[in-house]
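Undergrad: First the structure, then my questions, so here it is.
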Amino acid sequence: MAVFDTFEDFAAQLRPMQALAGLDLGEKTIGVAVSDRMRAIATPLLTVRRQKFGLDAAALLAIVDEREIGGLILGLPRNMDGSEGPRCQSTRAFARNLGAKTDLPIGFWDERLSTVAAERALLEADTSRRKRALVIDHVAAGVILQGALDRLARLGRDIS
């Protein structure tokens, strides 16, 4: 199992030229975004309607295989004061369970305000309410993943 609590430990496990996937775990859905192989751009992909864990994991791992993903970033829904509540515990449990089914490194990204940022971007794009409801989760996953990609780029510059 390769679930990492610190972003730096997660980053150290990544192999070059592999895309990453970002996940926004909700109670009813999982938003999925993917990066390019250079890990520069996050692109919202789709939203998985949650069922049982085994079915959710199978759906996610199918995307991982199809897209040749090299690591997973899960949005960690911290409270605004930075503390962790029940939703963080649920996310960490999901990561542990998913980690038992894959050797991919799994890391966390503080997702505070990611849905707010996604909603704002969709409003600026003049997206209808109905369309926003359909895409908000994977757009939020894109916000989460892009934050992680930007941090990876900074880490790379700090090491060089």
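We did not get these values from a lab; they are worked out from the coordinates using the rules stated. It should be emphasised that the depicted structure is a prediction, and the values quoted were computed from it without experimental measurement. Virtual Cβ from ideal backbone geometry, glycine too; neighbours counted across all protein chains shown.
Undergrad: Quick one: net charge of Glu27's neighbours, Cβ under 14 Å, K/R +1, D/E -1?
TA: +2
Undergrad: Hey, what's the Kirkwood Rh for segment 1-105 if you take every pair of different alpha carbons, in angstrom?
TA: Taking the inverse mean of 1/r over all distinct Cα pairs, segment 1-105 comes out at 14.1 Å.
Undergrad: Between Gln13 and Glu84, what FRET efficiency comes out of the Förster formula 1/(1 + (r/R0)^6) with R0 = 22 Å and r the beta carbon distance, rounded to 0.05?
TA: E between Glu84 and Gln13, to the nearest 0.05, is 0.45.
Undergrad: I'd like the FRET efficiency for Arg37 and Arg120, computed as 1/(1 + (r/R0)^6) with the beta carbon distance as r and R0 of 25 Å, rounded to 0.05.
TA: Here the calculated transfer efficiency is 0.30.
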